[in-house]
Amino acid sequence: MDDDAFGIRPGELKTDLPAAFDAGVYFIGRIRTPWTRREQCPKNARESDAECAIEVDARFAPGLADIESCSHLLVLYWMDRSRRDLVLQVPRSYGRTRGTFALRSPARPNPIAASVVRLVRVEGNRLTVVGLDCLDGTPLIDLKPYFASTDAVPDAVVGWHKEREQKT
């Protein structure tokens, strides 16, 4: 990726990345969405009701056994076209500098994204889901069942976001 493909906004800070990786990841498939350009993507997964496809590689397809019994899944994916060197960012919708780890931005040292999706149907190694926010062709890292009983934290707070909502 071109180092400045997405540019740096005023107030943002980049860092030098380590010379080598600490671990490896197997991409287990690809995600198919209607979005081919960054500006087309929803800002977050809840902004769209578009049906998207998760195509699991044939070698991993046996791992889909019983997945049709899940109403929702936790999808982990690799935002392969994102910057990896930003430690301070200025989100367009907020206009104020925030630390990368206080944001859900795809620009991060390890561009791992997570979405809870609604499983619509399973056809072989292809899952149709609703609730993604990534570009077409995004690499799939993992699928996990979503357990509302353990994964939901109704009283969770992101302080800086809550402050903004209270001002409007």
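Please give the contour-minus-distance gain from residue 112 to residue 66: 0.36 nm per residue of separation, less the Cα-Cα distance, rounded to one decimal in nm.
Details: separation 46, 0.36 × 46 = 16.56 nm, distance 2.53 nm.
The span from residue 112 to residue 66 would gain 14.0 nm if fully extended.
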Ranking of 60, 101 by count of other Cβ atoms within 10 Å, fewest first: 101, 60
Geometric extent, Cα atoms of segment 31-147 - Rg, Dmax (angstrom): 14.8, 46
Cα lying deepest toward the dipole's positive end in segment 31-147, options 115, 143, 105, charges on Cβ: 105
Extension gain, residue 161 back to residue 104 (0.36 nm per residue minus Cα-Cα distance, nm): 19.4 nm
Per-residue Cβ neighbour rank within 10 angstrom, fewest leading, 123, 12: 123, 12
Given charges at beta-carbon only (K, R positive; D, E negative), |dipole| of segment 1-107 in Debye: 480
Dipole of segment 15-106, positive end: most advanced residue of 33, 93, 50 [Cβ charges, Cα centre]: 93
Point-charge dipole on Cβ atoms (K/R +1, D/E -1) for segment 17-168, about Cα centre, debye to 20: 680
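Given the peptides 108-115, 44-51, 75-82, arrange them by the average over their residues of other C-beta atoms within 10 Å, most packed first.
75-82, 108-115, 44-51
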Gain in span if fully extended, residue 25 to residue 49, counting 0.36 nm per residue against the direct Cα distance: 5.7 nm
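Only the coordinates and a few stated rules stand behind these numbers; no lab work does. This is a predicted model, so every value here is computed, not measured. Virtual Cβ from ideal backbone geometry, glycine too; neighbours counted across all protein chains shown.
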